[in-house]
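Accompanying notes for the structure given below.
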Amino acid sequence: MDRRHFLRTGLAGISLPALVACGSDDTGALQSSTGSGPTVRPAEEVDALIAQNAFAWGVASGDPTAHELILWTAIAPANENVVSVPLILEYVLVQGQAEDPAQWNQLFQQGPIQQLGEFLALKARDYTVKIDLGNSALYDNTPFGLGQMPTLAAGQTLLYRFKAGSQTSRIGRSKTLPEGEVEEIRFATVSCSNLPAGLFSVYEMVRKESLDFVIHLGDYLYEGGGGGESLSRNGVPRRPIPAKEMVLVEDYVQRHQQYKADPELQALHGTHPMIAVWDDHEITNDAYEDGADNHQPEEGDYLVRRAIAIRTYYNWMPLRERFSRLETTFEPDPREVIYRDFQVGDLCSLIMLDTRIIGRDQQAEIVAVDPDRFNPQRNLLGLDQRRWLSDRLFASKQQNSLWTVLGQQVMFGQLNLLELPQVKLLDQSVLGNIAAVNMDQWDGYVAERNRVFNMIKDIGIDNLVILTGDIHTSWAIELYENPFTLLGGNPLQRSLGVEVVTPSVTSSGFPDEVADVVSAALPLLNPHIKYNELKTKGFVLMEMSRTRLSATWKYAQSITDESMIGMENEAMRKTMTVPLGSNRFESALPF
């Protein structure tokens, strides 16, 4: 059953990623008493369905394309007996970037204000709503009580808000991607935002940047039930809600609600479109395809827990869903995967991967030296995603994209304790980094990494950039099949790309007393690691042009002091550049 057919059934508005307008019987919507077509409910009727602070979780946008945007909100119902709440979208197309939030209300009133709706916020989807604005094909033959689905221009900035009865959400800002010949894009990468571990000062730093979009590389929230006792924001404690590990549906929903209520995260979502992928903590720590280190037998069936987590994540995140929900459970269709891609004109092919759930085998058991990590049968991406990645890399090559960017969760480059030259045994590369630090990253899946290296070489991908989160620390890494040869000053081995690892928003890095020592020692066996910082919270600003890539690590002054939220420690700022065609960090040249 395809999406447009589903729109015309009685379950429309329930199962679609972009909840459809209340319209004719064909869309499962309301008819007017005269039978003349779709209507909009009176404000007083809707007011009876909603709480006093109905838009407590703000608004968000995400998954931009050149002509489409996901717009999201959630609404608080008056009580648990409310089945659905009708909402109206209002938006204004504006000239320029409209970067100052203080001007948004004035710009909105200058209009013209466009309306679209109604849309249903359903109890079955936690009273969340997504609208795929600009996606006329998705809403083909869907009548709206107000307005018509627009055609959005590339690089279009808009302001938007939602209305339910007499209540109105905050105003959000978003923009579509540019197309054609693109001179430059600016985006930020963030990851690992554990709410009880600190204030979201980094999110406020990102909000203030002039950006095309934000990439969240995972660990958007954390499953644990402890911590945060000594921290508060605006008098609200940072203790997790609920005060236990999230396992049940209501646990995951409440935790998403708590994070969306954070003022800095809410402001970030309301300012920039986000392209997000999950890592492990959105489910539970050190997850893999059919299990997790932090899932115990008394917590029930792991696959049920995973399905709950994925369902809740899709409800509460502004990302595009490509399949209708299952009619009986409202869980995502089993074919729904989070790996997807975006095209930014001729400048960049952005390919977002899932290195956590869809195809990952369980981590190797013996830290550092487990020989099973060389096993060619072990997967990190899985066959289907690996084939898809090959197709997307080939498409990037065929489209002559200047940069090919992979956004993913865990460190790709080698992190060695002991390294030897690679040798071939039964057509498999063995040895190399024989003692690695972390079995959860690509070092624990050596054959899978070699398969990706082979794709890159065989397809002829140049100007490859890998974006990584997960490890809570900052790294600039050049990607070689066997970095050992660099220790001898081998000038012939060519880098296959670069990796930019973003620090965490709040999650802990190395202890202060050892971080500097470890940081200084790492390059001795890791000559491909050109920069690392192991303890400070921040993000990476990525500026990509037709001649070079610039990656700037920006660090927060504090994540515990409310008076310093959004303040950068400018003395720590670090910029690394990669000239087009070099695959190497400029500050590291000559080798």
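Structure above, values below:
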{"quantity": "Test: residue in the stretch 402-418 that is modelled with pLDDT of 95 or more and over 20 Å from residue 468 (Cβ atoms)", "calculated": "yes"}
{"quantity": "Filtered residues of the stretch 436-451 (kept if open to solvent by 10 Å² or more (accessible area, probe 1.4 Å) and either of a type in the set (A, V, I, L, M, F, W, C) or modelled with pLDDT under 95 (or both))", "calculated": "437, 438, 439, 440"}
{"quantity": "Index of the failed condition, residue 145 passing every other in (1) under 25 Å from residue 177 (Cβ atoms); (2) at pLDDT below 95; (3) not polar (S, T, N, Q)", "calculated": "(1)"}
{"quantity": "Hey, residue 180 small (Gly, Ala, Ser), open to solvent by 10 Å² or more (accessible area, probe 1.4 Å) and within 19 Å of residue 215 (Cα to Cα) or not", "calculated": "no"}
{"quantity": "In the stretch 352-380, residue nearest to residue 288 (Cα to Cα) [restricted to those that are of a type in the set (A, V, I, L, M, F, W, C) and crowded, with 22+ Cβ neighbours inside 10 Å]", "calculated": "357"}
{"quantity": "Qualifying position, being of a type outside the set (Gly, Ala, Ser), over 25 Å from residue 551 (Cα atoms) and out of contact with any Leu (no Cβ under 7 Å at 6 or more places or on another chain), among 156, 167", "calculated": "167"}
{"quantity": "Boolean, residue 385 is modelled with pLDDT of 95 or more and either within 17 Å of residue 445 (Cα to Cα) or among the acidic types (Asp, Glu) (or both)", "calculated": "yes"}
{"quantity": "Lone qualifier among 512, 516 - being surrounded by fewer than 21 Cβ atoms within 10 Å (Cβ to Cβ), among the charged types (D, E, K, R) and over 23 Å from residue 195 (Cα atoms)", "calculated": "516"}
{"quantity": "Residues (in contact with a strand residue (DSSP E or B) (Cβ under 9 Å, 6 or more places away or on another chain) and either more than 21 Å from residue 411 (Cβ to Cβ) or of a type in the set (A, V, I, L, M) (or both)) located in the stretch 209-229", "calculated": "209, 210, 211, 212, 213, 214, 215, 217, 228, 229"}
{"quantity": "Counted residues, the stretch 555-577 - those being part of a loop (DSSP other than H, G, I, E, B), among the polar types (S, T, N, Q) and open to solvent by 60 Å² or more (accessible area, probe 1.4 Å)", "calculated": "2"}
{"quantity": "Flag if residue 301 is open to solvent by 50 Å² or more (accessible area, probe 1.4 Å) and among the acidic types (Asp, Glu)", "calculated": "yes"}
{"quantity": "Where residue 467 falls short, out of the listed (1) of a type outside the set (Gly, Ala, Ser); (2) under 20 Å from residue 531 (Cβ atoms); (3) touching a Leu at 6+ places or on another chain (Cβ under 7 Å); (4) at pLDDT below 95", "calculated": "(4)"}
{"quantity": "Residue 214 vs. criteria open to solvent by less than 10 Å² (accessible area, probe 1.4 Å), in a helix (DSSP H, G or I) and modelled with pLDDT of 95 or more", "calculated": "no"}
{"quantity": "Filter result (more than 20 Å from residue 132 (Cβ to Cβ), in contact with an Asp or Glu (Cβ under 7 Å, 6 or more places away or on another chain) and crowded, with 18+ Cβ neighbours inside 10 Å) within the stretch 313-349", "calculated": "345, 349"}
{"quantity": "Residue within the stretch 137-153 that is within 20 Å of the chain's Cα centre (by Cα), of a type outside the set (S, T, N, Q), open to solvent by 10 Å² or more (accessible area, probe 1.4 Å) and at negative phi present", "calculated": "no"}
{"quantity": "Whichever residue in the stretch 162-198 is out of contact with any strand residue (DSSP E or B) (no Cβ under 7 Å at 6 or more places or on another chain), in a loop (DSSP other than H, G, I, E, B) and not hydrophobic (A, V, I, L, M, F, W, C) and, among such residues, is nearest to residue 503 (Cα to Cα)", "calculated": "193"}
{"quantity": "Those residues of the stretch 249-275 which are assigned to a helix (DSSP H, G or I), open to solvent by 10 Å² or more (accessible area, probe 1.4 Å) and among the hydrophobic types (A, V, I, L, M, F, W, C), in sequence order", "calculated": "249, 253, 267"}
{"quantity": "Qualifying residue in the stretch 276-296 (condition: part of a strand (DSSP E or B), within 14 Å of the chain's Cα centre (by Cα) and closer than 17 Å to residue 221 by Cα)", "calculated": "yes"}
{"quantity": "Filter result for residue 481 (under 20 Å from residue 456 (Cα atoms), of a type in the set (Asp, Glu) and open to solvent by 20 Å² or more (accessible area, probe 1.4 Å))", "calculated": "yes"}
{"quantity": "Strands (runs of 3 or more DSSP E) wholly inside the stretch 50-135 containing at least 3 residues that are surrounded by 14 or more Cβ atoms within 10 Å (Cβ to Cβ) and within 24 Å of the chain's Cα centre (by Cα)", "calculated": "59-62, 69-74, 128-133"}
{"quantity": "Residues that are of a type in the set (A, V, I, L, M, F, W, C) and out of contact with any Pro (no Cβ under 9 Å at 6 or more places or on another chain), drawn from the stretch 122-157", "calculated": "122, 124, 129, 131, 137, 149, 152, 153"}
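The values are calculated or read from the model by the stated rules, or taken from the named source; none is laboratory data. Please read these numbers as outputs of a predicted model, since none were measured by experiment. Note that we place each Cβ from the backbone using ideal geometry, even for glycine, and neighbour counts take in every protein chain shown. Protein only, heavy atoms only, side chains kept; ligands, DNA and RNA dropped before computing areas. Shrake-Rupley method; radii C 1.70, N 1.55, O 1.52, S 1.80 Å.
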